[in-house]
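I have placed the structure first, in the form of structure tokens, so that the comments after it can refer back to it.
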Amino acid sequence: MGEHLAEFAPGVPRWIVNTPLNRVVAQRLWKERTQKGHLTGITTFNQSKSSSAENLLMSELDKIDLHHGSHSANSPHTILELPGAPLRDRVIAELSQ
């Protein structure tokens, strides 16, 4: 992701893997963009070196839903963009629930 993170519109929540490059860009954007709350900022999360993009996504889905779903947002998320994570049957089944 890296510098591509800056291409996304401010105010849209983004969750990215906490790689050295992503962290540098996220820290810069945290300073440049005023955060209005947890529903509009950039969240980084750690990865396991053995985790695939699909496994990383699966491990974070519950947390993403907790922060952006019906329990914490007046207008819960309805669209999930998954750059770098394949949309396989396992992911589709989890999202269907």
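The values are calculated or read from the model by the stated rules, or taken from the named source; none is laboratory data. Everything numeric in this text was worked out from a predicted model, so none of it was measured. Because the Cβ atoms are built from the backbone with ideal geometry, glycine has one as well, and the counts that use them run over all protein chains shown.
With the requirement that a residue be β-branched (Val, Ile, Thr) and over 16 Å from the mean Cα position of the chain (by Cα), what does the stretch 81-97 give you?
At the first step, the residues of the stretch 81-97 found to be β-branched (Val, Ile, Thr) are 91-92.
ILE92 - this is the single residue of the stretch 81-97 that is β-branched (Val, Ile, Thr) and over 16 Å from the mean Cα position of the chain (by Cα).
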Problem set entry | the stretch 7-24, residues that are out of contact with any strand residue (DSSP E or B) (no Cβ under 9 Å at 6 or more places or on another chain) and modelled with pLDDT under 85 | GLU7, ALA9, PRO10, GLY11, VAL12
Exercise. Does the stretch 67-80 contain at least one residue that is within 19 Å of GLU3 (Cβ to Cβ), within 16 Å of the chain's Cα centre (by Cα), modelled with pLDDT of 75 or more and surrounded by 15 or more Cβ atoms within 10 Å (Cβ to Cβ)?
Worked result: no
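Can you tell me which residues in the stretch 41-66 are basic (Lys, Arg) and more than 13 Å from the chain's Cα centre (by Cα)? Full working, then the answer.
Initial filter on the stretch 41-66 (basic (Lys, Arg)): 49, 63.
Answer for the stretch 41-66, where residues must be basic (Lys, Arg) and more than 13 Å from the chain's Cα centre (by Cα): just LYS49.
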For this session: Any chance you could count how many residues in the stretch 25-41 are surrounded by 12 or more Cβ atoms within 10 Å (Cβ to Cβ) and at pLDDT 85 or above?
Result: 6
Problem set entry | Which numbered condition ASN55 misses (of (1) surrounded by 12 or more Cβ atoms within 10 Å (Cβ to Cβ); (2) modelled with pLDDT under 80; (3) polar (S, T, N, Q)) | (2)
